[in-house]
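Peer 1: Can you keep this structure in mind? I'll have questions shortly.
Read-outs throughout are calculated quantities, based only on the coordinates presented, and are distinct from any laboratory measurement. As the structure is a computational prediction, the values presented were derived from the model and not from experiment. We place every Cβ from the backbone using ideal geometry, glycine too, and count neighbours over all the protein chains shown.
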Amino acid sequence: IPFVPRFVSENQILAAYDYVVIGGGTSGLAVANRLSEDSSKTVLVIESGPMDDGSEDFKIPYLGRGYKNFGTKYDWNVTSVPTASLGNRTIIMPQARVLGGTSSINGMQFAKGAPSDYDAWEELGNEGWNFKSLTKYFEKSENFTAPSKKLVEEFGITYDESAHGSTGFIHSSFPNFLWPQLKNWIGAMKSLGHSVSQDPANGGALQLFWSPSSSNPDTQTRSFSREYYDGARDRPNLHVLLETTVTKLLTSGDERIRVDAVEFSSSVGAPKKHVKVKREAVLAAGSIFSPQILQVSGIGPTSLLKSLGIEVVVDLPGVGANLQGHVYIATFYQMTNVSLSAANLTTNTTFYNEMYELYKAKRDGPFTNGGASNMIAMLPLSDITSDNLHSLLETPSETSYRDTSISKGYQAQLKILLRHLTTPKMAATEMLWFSEGGAILSVMHPLSRGTVTTTSSSLLAGIPAINTGHLSHPLDTKIFIETLRYTRKIIATHEMRELGLVEVLPGAEVNTDEQLEKAIRDGSGYMYHMTGTCSMMKRELGGVVDKDLRVYGVKNLRVVDASVQPLIPAAHVQSTIYAVAEKAADLIKAGSLWRD
Ligand SMILES: Cc1cc2nc3c(=O)[nH]c(=O)nc-3n(C[C@H](O)[C@H](O)[C@H](O)COP(=O)(O)OP(=O)(O)OC[C@H]3O[C@@H](n4cnc5c(N)ncnc54)[C@H](O)[C@@H]3O)c2cc1C
């Protein structure tokens, strides 16, 4: 067929493509764009969701910060299984099902982690994966615009333009409007001795720093992975098959397995079809679905596969293990000395309408702002507690898999975290002021681990079982308790008292360790930064992909999404996902497989 329509129907696709990218999300579109730069290679992206409808719920930062799209046709509607450590609560885990993936609905925070976060990946045995070597990929994905003079003067925003990219597909910039109460928060933190780093991009993602948003500064709208697609839509060698779900990888071979074809279906009950893979299959379905696709294809823990009657193709115990994410707890205050805050947008319709009109007319005001502040505090353990937590750092976590390689891998991770978390160079906790009147507190390097396991041999039978494992490790809970106590110190400063704060959540009467722990277990939520379920680690440590992101035991299959991050960085993860995807594309293009 002629290579004309970029969106193809299943009757129009070619019989075979050089590269088949599974999942047209944050990482998948980035990789597809870069691979299709070579006009001699054919690339097919298979995405389960549709194109977004271009509505304001996606585009406007205040409206599009996720919640409006939760539970819609653009969401996979994922819920965890009841988690014992959370009092058997289930957690809603939105995952976008749309071209552009979860970058279409996320909170738009866009900053990388500290150098130690990435150097730890190399220390785990992934040669070439460190802060320095990833820098060029962070820059390649980014198109940074410095904050306006007005914002710099009013809020003292600092930045280092030379540490940012300027030609990438993802815009990073600052909203045209910040709520003034943020100045009190910054003043309070400074009064307690915290300094403001110049820029997270140049290695300064520690203490306080200004974090840009993934936002187009000209239109003040979301910048997201679909722009990688938009930038490649004229290429005749790129096809995108929407509303089609990959159901299985079809493999052959004994010693070294090969993915021959990718099986897909347009809906439950529709006939299964397949497309052949000439060179490589690239898995980019995200941390929940990439492991599930591997498992139903026979690549995973033998015990799980056998229990579901799935033929074992490669025994890889790490598939679906090592799930890590950032859990948060929100404190909330009534601001009795503040006449106007983001809370008024939900309580005062006239104000809401005026601000909406302001946005439409001038691209200014609170609708340019996603709500969570662009000022982030990433504090090391020593800043929030003087307790010696060594013994807790050495305590292993409960994981559902009892496999030796996974527990060896976990021990290796603990060692590295122990080394870094006891220094000021790695953040243990994040504190964000949000403009409704509260602080969002989150454990950045959780020691708890969860799992993702398919419950059926058929991918279409439903979402996998997700055990978040949250707060199953005592150190995570301890860090939360100490962070909550530290927040009260911040709230007690002169600068914060000016706002007339009255604590609503967890409530001034919640004081003892036991009370605070209960508030945390009952009230914590998830930042949806799922990582680690197809970890890049040595195979003997429970790894799923090697340092070239190739799945162990399979000749022509790579994973390129959030699931490969073996240790979650102390950062909102999207900028790292883009950087990893950019590097993945270079690895695939370098074609070490073909040299082999
Ligand atoms: C509400 C919310 C707020 C967030 N806020 C922030 C933030 O402010 N900053 C930040 O850095 N990060 C944030 N994140 C996290 C970040 O957006 C995600 O980690 C990231 O987008 C994941 O990228 P990915 O490529 O791994 O997966 P995704 O972007 O989710 O892409 C996976 C794609 O694969 C498709 N897919 C899945 N299974 C199949 C299948 N079987 N067949 C075909 N297609 C399939 C999906 O539909 C999806 O499009 C947030 C996440 C959420 C949910």
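Peer 1: Would you be so kind as to identify which of A146, A32, S472 lies farthest towards the positive end of the dipole of the chain, taking Lys and Arg as +1 and Asp and Glu as -1 on Cβ and the Cα centre as origin?
Peer 2: Value computed over the given set: A32.
Peer 1: Shape call for segment 60-142 from the C-alpha gyration tensor, a ≥ b ≥ c root eigenvalues: rounded (a/c under 1.5), prolate (a/b greater than b/c) or oblate?
Peer 2: Taking the square roots of the gyration eigenvalues as a ≥ b ≥ c, segment 60-142 is oblate.
Peer 1: In vacuo Debye scattering of segment 106-205, one point per C-alpha: log10 I(q)/I(0) at q = 0.25 Å⁻¹?
Peer 2: Results for segment 106-205 at q = 0.25 Å⁻¹ read -1.36.
Peer 1: Local charge sum around T145 (other residues, Cβ-Cβ under 13 Å, Lys/Arg +1, Asp/Glu -1)?
Peer 2: Neighbourhood net charge equals -2.
Peer 1: Separate question: Tell me which of I588, L392, V443 sits at the most positive position along the dipole axis of the chain, charges placed on C-beta atoms (Lys, Arg +1; Asp, Glu -1).
Peer 2: About the Cα centre, the residue reaching furthest to the positive side is I588.
Peer 1: A further question follows. With no solvent and one equal point scatterer per Cα, compute the Debye intensity ratio I(q)/I(0) for segment 196-335 at 0.17, 0.21 Å⁻¹ and report its log10, rounded to two decimals.
Peer 2: -1.10, -1.33
Peer 1: Another question, then. Based on C-alpha coordinates, I'd like the Rg and Dmax of segment 135-192, in Å.
Peer 2: Looking at segment 135-192, its Cα Rg and Dmax stand at 13.8, 39 Å.
Peer 1: Please report W121, W179, W129 as a ranked list, fewest other C-beta atoms within 10 angstrom at the top and most at the bottom.
Peer 2: With the sparsest Cβ surroundings first, the list reads W179, W129, W121.
Peer 1: Once you sort the root eigenvalues of the Cα gyration tensor of segment 383-468 as a ≥ b ≥ c, which label holds: rounded (a/c under 1.5), prolate (a/b larger than b/c) or oblate (the other case)?
Peer 2: Since a/c reaches 1.5 but b/c is at least a/b, the shape of segment 383-468 is classed as oblate.
Peer 1: Would you calculate the volume per residue, in Å³, of the smallest convex hull containing every Cα atom of segment 476-518?
Peer 2: In segment 476-518, the Cα hull volume divided by residue count equals 66 Å³.
Peer 1: Under unit Cβ charges (Lys, Arg +1; Asp, Glu -1), what dipole magnitude, rounded to 20 debye, does segment 134-232 have relative to its Cα centre?
Peer 2: Details: 8 positive and 10 negative charges, 47 e Å.
Once rounded to the nearest 20, the dipole reads 220 debye.
Peer 1: Moving on. Enumerate the calculated ³J(HN,Hα) couplings along segment 143-154 in order (Karplus 6.51 cos²θ - 1.76 cosθ + 1.60, θ = phi - 60°), each rounded to whole Hz, writing x wherever the residue is Gly or Pro.
Peer 2: With coefficients 6.51, -1.76 and 1.60, one gets 10, 8, 10, 5, x, 5, 4, 4, 5, 4, 5, 6 Hz.
Peer 1: Among E498, E436, rank each residue by its count of other Cβ atoms within 10 Å, from fewest to most, as a rough exposure measure.
Peer 2: E498, E436
Peer 1: What's the local net charge at A15, with K and R +1, D and E -1, over the other residues with C-beta under 13 Å away?
Peer 2: Numbers: positive: K273, K276, K278; negative: E10, D18, D260.
Counting the neighbours of A15, the net charge comes to 0.
Peer 1: For segment 1-128, what is the per residue volume of the convex hull drawn over the alpha-carbon atoms, in cubic angstrom?
Peer 2: Values: hull volume 25.8 nm³, N = 128.
Hull volume normalised by residue count: 202 Å³.
Peer 1: What shape does segment 258-337 have by the C-alpha gyration tensor, where a ≥ b ≥ c are the square roots of the eigenvalues, rounded means a/c under 1.5, and otherwise prolate means a/b greater than b/c and oblate the rest?
Peer 2: The shape class here is prolate.
Peer 1: Continuing with the same structure: Would you mind ranking K190, K583, K73 so that the residue whose beta carbon has the fewest other beta carbons within 10 Å leads the list?
Peer 2: Values: K190 14, K583 24, K73 11.
Lowest count first: K73, K190, K583.
Peer 1: Here is a follow-up. Tell me, what HN-Hα J-couplings in whole Hz come from the Karplus equation 6.51 cos²θ - 1.76 cosθ + 1.60 at θ = phi - 60° for each residue of segment 448-456, using x for Gly and Pro?
Peer 2: After applying 6.51 cos²θ - 1.76 cosθ + 1.60, I find 6, 10, x, 9, 10, 9, 5, 9, 8 Hz.
Peer 1: Then there is this: Name the long-range amide H neighbours of L250: under 5 Å, sequence gap of 5 or more, or other chain; modelled H, no Pro or chain starts.
Peer 2: The answer is D260, A261, V262, E263.
Peer 1: Take the Cα coordinates of segment 436-476, assign each an equal point scatterer, and use the Debye formula without solvent to give log10 I(q)/I(0) at q = 0.20, 0.26, 0.29 Å⁻¹.
Peer 2: Here the Debye-derived log intensity ratios amount to -0.71, -0.85, -0.95.
Peer 1: Could you tell me which residue out of S211, A16, W129 lies farthest along the dipole of segment 1-590 toward its positive end? Charges go on the beta carbon: Lys and Arg +1, Asp and Glu -1, centred on the Cα centre.
Peer 2: Sorting the options by dipole projection puts first A16.
Peer 1: On to the next question. Give me, ordered by chain and number, the residues 5 or more places off V21 or on other chains with an amide H under 5 Å from its own placed amide H.
Peer 2: Close amide H contacts, sequence-distant or interchain: L44, V45, I46, V282.
Peer 1: Taking the Cα centre of segment 1-590 as the origin, how large is its charge dipole in debye, to the nearest 20, when only Lys and Arg (+1) and Asp and Glu (-1) carry charge on their Cβ atoms?
Peer 2: It comes to approximately 840 debye.
Peer 1: Sticking with this structure for a sec: Taking H placed 1.01 Å from N in the peptide plane, check which residues at least 5 places from S215 or on another chain put their amide H under 5 Å from its amide H.
Peer 2: S172, S173, S223
Peer 1: Then there is this: Can you work out ³J(HN,Hα) from phi for every residue in segment 555-562, in order, using Karplus 6.51 cos²θ - 1.76 cosθ + 1.60 and θ = phi - 60°, giving whole Hz and x for Gly and Pro?
Peer 2: Per residue, the Karplus-derived 3J(HN,Hα) values read 6, 10, 9, 10, 10, 10, 9, 4 Hz.
Peer 1: Based on DSSP H runs of at least 4 residues, each adding -39500 (n - 2.57), what is the mean residue ellipticity at 222 nm of the chain after dividing by all its residues, to the nearest 500 deg cm²/dmol?
Peer 2: -8000 deg cm²/dmol
Peer 1: For segment 1-590, what is one quarter of the convex hull surface built on the Cα atoms, given in nm²? Provide the component values of the computation, followed by the final result.
Peer 2: Numbers: hull surface 99.3 nm².
Mean projected area for segment 1-590: 24.8 nm², to one decimal.
Peer 1: Restricting things to Cα coordinates, could you compute the convex hull volume per residue of segment 483-548 in Å³? Show your work: numbers first, answer last.
Peer 2: Values: hull volume 11.3 nm³, N = 66.
Considering the Cα atoms of segment 483-548, their hull volume per residue is 172 Å³.
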